[in-house]
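Inspection log for the structure reproduced underneath, given as structure tokens.
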Amino acid sequence: ILFMLVMSVQLRALKKSLSLERMVMIYVLAGMPFAIFSAIASTLIAYNVETVIVNVAFLCFQTWSIMILISHLSKSVRITLTSAGLMSLLCVYANLAALFFNLPFSLVF
């Protein structure tokens, strides 16, 4: 819900529009690398792989997820990659703020 709220506010500020269905599709596609990492992480931990390697793998999958979010957002809204990247970073910071200020998790997920 927080993703939808932040994206809606940012798109309204840019005077752009994006359907709710398209926004949900972008969010789901961007979340796929996290689902893949979740499937791989349990295997890595079972084989006692170093924590540093698991953290690096997580950062790689997170970067992949952000790249998917930026590219699909840029195509769907017809904005530059830079603007889409800044919008994505604002979503990340909004999620972090929600976690650090102990907002209810129903707003974050």
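For the reader, a short list of remarks on this structure follows.
- Estimated 222 nm signal from helices in the chain, with DSSP H stretches of n ≥ 4 weighted -39500 (n - 2.57), rounded to 500: -28000 deg cm²/dmol
- Probe 1.4 Å, accessible area per residue of region 1-45, Å²: 65 Å²
- Label corresponding to P(r) over Cα pairs in 10 Å bins from 0, in percent when calculated from the structure given, among [x] 14, 30, 27, 22, 6, 0; [y] 13, 41, 32, 12, 2, 0; [z] 15, 47, 27, 10, 1, 0: [y]
- Residue with peak Gaussian network fluctuation, the chain [Cα springs, cutoff 10 Å], from Ser88, Ser71, Ser17: Ser17
- Of the residues Asn95, Leu81, Val49, the one whose Cα sits farthest toward the positive end of the charge dipole of the chain, with +1 on the Cβ of Lys and Arg and -1 on the Cβ of Asp and Glu, is Leu81.
- Protein accessible area in the chain, 1.4 Å probe - carbon and sulfur %: 71 percent
- Ellipsoid semi-axes in whole angstrom, largest first, where each is sqrt(5λ) of the Cα gyration tensor of region 1-63: 34, 12, 8
- The distance between label points at Leu81 and Arg22 comes to 2.0 nm (points 7 Å beyond Cα on the Cα→Cβ vector).
- Listed residues Ala46, Ala13, Ala30, most fluctuating in the chain (Gaussian network, C-alpha, under 10 Å): Ala46
- Simple spin-label estimate for Ser42 and Val9 gives 3.6 nm between the two label positions (7 Å along the Cα-to-Cβ direction from each Cα).
- Charge dipole magnitude, Cβ of K and R +1, D and E -1 - the chain, Cα centre, debye nearest 20: 560 debye
- Full extension of the chain segment joining Val52 with Met32 gains 5.0 nm, where the gain is 0.36 nm per residue of separation less the Cα-Cα distance.
- Candidate residues Ser74, Ser38: accessible-area rank, largest first, probe 1.4 Å: Ser38, Ser74
The values are calculated or read from the model by the stated rules, or taken from the named source; none is laboratory data. Owing to the predicted nature of the structure, the values given are computational and were not obtained by experimental measurement. So basically every Cβ, Gly included, is an ideal-geometry build from the backbone, and we count neighbours across all protein chains shown. The accessibility values were calculated without ligands, DNA or RNA, using every heavy atom of the protein model including side chains. Shrake-Rupley method; radii C 1.70, N 1.55, O 1.52, S 1.80 Å.
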